Amino acid sequence: MTNPDPMAEIRASFFIECDELLEALQDGLTQIDEGAADDETVNVCFRAVHSIKGGAGAFGLDELVRFAHR
């Protein structure tokens with residue numbers, strides 16, 4: 001049986017990646033909050049948000065793009 005939504009698998013992969021990115025972001029923000037962050041920690045946080053924003057844009061999730069852009 002053919003999947004009626006050919007993007008479903010790609011979208012599911014995006015949401016799995018988002019979980020991983022949000023975990024990395026949370027870890028980084030915790031390190032920053034505790035004063036234990038370095039430049040790489042800040043870069044990890046920026047990359048996570050940037051990746052989520054890019055994927056959200058590809059799927060037309062405009063509210064998420066706007067939120068990530070702030």
Legend entry - Approximate spin-label separation ILE16-PHE46, in nm, with each point projected 7 Å along Cα-to-Cβ: 3.0 nm
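Please give the peptides 9-16, 42-49, 55-62 ranked by average Cβ packing (other Cβ atoms within 10 Å per residue), highest first, as a rough proxy for protection.
42-49, 55-62, 9-16
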Legend entry - Candidates ASP19, ASP27, ASP39, ranked by Gaussian network fluctuation over the chain, Cα under 10 Å, top entry: ASP39
Inset, instruction - Give, in nm to one decimal, the length gained when the segment between ALA58 and ARG70 is fully stretched (0.36 nm per residue of separation minus the Cα-Cα distance). - result: 2.5 nm
Inset, instruction - Over the alpha-carbon set of the chain, work out the extent along each principal axis and list the three values in angstrom, largest first. - result: 52, 24, 14
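About the Cα centre, and with charges only on the beta carbon of Lys, Arg (+1) and Asp, Glu (-1), how big is the dipole of the chain? Nearest 20 debye, please.
It works out to roughly 420 debye.
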Inset, instruction - Let me have the relative contact order for the chain, percent, based on Cα pairs under 8 Å that are six or more residues apart. - result: 26 percent
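All of the numbers you see were taken from the coordinates with simple rules; none came from a lab. None of the values given here were measured: they were computed from a predicted structure. Quick reminder, even Gly has a Cβ in these numbers, built from the backbone with ideal geometry, and neighbours come from all protein chains shown.
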